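Read the structure below first, then the notes.
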Amino acid sequence: MAIDLVITQKGLFKKPLTKELLAPAGLRVGHWNQAGVLDPDWYPYPSGLVLCDPVQPGRGCYVQAAPGEKNTVSIRQTLPCTPGDLELLYGLVENICRFWKTDRFTQDGEERTLQDIPSMKAAQNRAGVGLLKEMAERWQADGGGVLTGAVFPLYLEPETVERLKTGDLDFFQTYLAQKQQGDWYYAKPNFFRDKNGAGILGVYAITEEVGSILPLKPFVPPLYSVLLQNFSLEDSQITNWLVSLNRVWEENGEMKGNTLGYMPFAQFAQKVRLDRCPRFDHKHVYVEVKDLSEVLS
């Protein structure tokens with residue numbers, strides 16, 4: 001479920017879009033990686049650009065256009081979204097339309113005008129209550145779910161799902177903002193064939209003195225199969241889960257780093273007491289290791 005908007009520039013003499021119009025100052029900008037995590041980046045990136053408000057990073061706004069574009073911009077907003085998401089979305093639409101000197105755009109295939117935006121936002125917020133209830137009820141029936149956010153995917157706690165069943169959009173916005181702020185590194189697994197080619201290794205990376213979000217137990221993120229073409233891998237196929245232990249430092253004005261070693265995930269979890277670390281969501285915790293030498297000893 002999503003809102004799909006298209007803005008088209010008319011006329012003979014067309015103005016190219018600027019970077020500042022596509023990603024206004026103050027917004028977080030990047031693209032979603034294979035785990036659904038926002039990696040800071042700019043164009044060129046073939047799958048598009050993600051924008052969000054750094055203060056209230058809801059679900060993110062997805063834009064397909066590059067600086068220099070003169071014809072068409074496509075924008076998608078995943079539903080259900082927060083009221084803040086809608087403000088960002090339609091603010092972007094208004095800015096681009098005015099730059100291209102048009103008051104018209106299409107939403108879900110229907111032509112709209114800038115004057116329609118206030119009533120459209122109100123209607124979307126009303127509809128969002130029902131969509132949120134429906135999604136939460138589905139998560140509860142399935143025993144859990146993953147919500148794609150602007151910055152991080154979130155594996156929802158049962159108590160959060162229960163609250164979302166009320167359709168409380170203000171709580172939804174507050175929850176997403178709370179979980180997606182800060183400079184935490186979201187550890188995602190990479191997969192490799194082992195040396196003899198018979199097994200598959202799943203490897204998470206941890207860097208000394210870097211606050212990270214790590215799963216309590218390793219797993220193949222379901223978003224991999226959505227975001228990576230032809231990707232199909234199940235937890236049962238992973239023959240060994242490892243943690244790569246890394247250290248970085250500055251030397252003569254340059255950042256350097258090296259890998260101190262590898263450790264079975266279960267052993268690492270026991271060493272750093274993952275089960276006692278603060279919770280991030282239903283499947284993940286916050287962890288920061290000050291000295292990896294102690295972990296390796």
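Let me confirm something: among LEU201, LEU214, which residue is within 24 Å of GLY257 (Cβ to Cβ), crowded, with 17+ Cβ neighbours inside 10 Å and at pLDDT 95 or above? Reasoning before the result, please.
Values: LEU201 fails: at pLDDT 95 or above.
It is LEU214.
Pick from segment 68-126 the residues that are without any contact (Cβ under 8 Å) to a residue 24 or more places away in the chain and among the hydrophobic types (A, V, I, L, M, F, W, C): which of them is farthest from ASP170 (Cα to Cα)?
Across segment 68-126, the extreme among qualifying residues is LEU114.
Quick one: count up the residues across segment 81-133 that are farther than 18 Å from MET1 by Cβ, over 22 Å from the mean Cα position of the chain (by Cα) and among the hydrophobic types (A, V, I, L, M, F, W, C).
Qualifying residue count for the region: 8.
Scanning for something in a loop (DSSP other than H, G, I, E, B), at negative phi, among the β-branched types (Val, Ile, Thr) and surrounded by 16 or more Cβ atoms within 10 Å (Cβ to Cβ), does segment 155-170 turn up at least one residue? So that I can check it myself, show each step before the final result.
First, pick out the residues of segment 155-170 that are in a loop (DSSP other than H, G, I, E, B): 156-157, 165-168.
Narrowing the set further to residues that are at negative phi leaves 156-157, 165-166, 168.
Within this subset, residues satisfying the condition of being among the β-branched types (Val, Ile, Thr) are 166.
Subsequent filtering for residues that are surrounded by 16 or more Cβ atoms within 10 Å (Cβ to Cβ) retains none.
No, the conditions are met nowhere in segment 155-170.
If the Cβ limit is 7 Å and pairs must be 6+ apart or interchain, which residue in segment 12-38 that is more than 30 Å from LEU154 (Cβ to Cβ) pairs with which residue that is assigned to a loop (DSSP other than H, G, I, E, B) and hydrophobic (A, V, I, L, M, F, W, C)?
Filtered contacts from segment 12-38: LYS15/TRP100; LEU17/ALA65.
Run ALA65 past the list (1) modelled with pLDDT of 95 or more; (2) within 22 Å of the chain's Cα centre (by Cα) and report the number of the one that doesn't hold.
If we test ALA65 against (1) modelled with pLDDT of 95 or more; (2) within 22 Å of the chain's Cα centre (by Cα), just (1) comes out false.
How many of the residues making up segment 143-154 are surrounded by 15 or more Cβ atoms within 10 Å (Cβ to Cβ) and either part of a loop (DSSP other than H, G, I, E, B) or hydroxyl-bearing (Ser, Thr, Tyr) (or both)? Break it down stepwise before answering.
The initial filter retains those residues of segment 143-154 that are surrounded by 15 or more Cβ atoms within 10 Å (Cβ to Cβ), namely 145-154.
Keeping just the survivors that are either part of a loop (DSSP other than H, G, I, E, B) or hydroxyl-bearing (Ser, Thr, Tyr) (or both) gives 145, 148-152.
Here the count works out to 6.
Mind listing whichever residues of segment 105-142 are assigned to a strand (DSSP E or B) and among the hydrophobic types (A, V, I, L, M, F, W, C)?
Within segment 105-142, PHE105 is the sole residue that qualifies.
Could you tell me how many of the residues in segment 236-261 are modelled with pLDDT of 80 or more and under 20 Å from ILE206 (Cβ atoms)?
Selection size over segment 236-261: 15.
The values are calculated or read from the model by the stated rules, or taken from the named source; none is laboratory data. Source: prediction; values computed, not measured. Note that each Cβ is placed from the backbone with ideal geometry, even for glycine, and that neighbours are counted across all protein chains shown.
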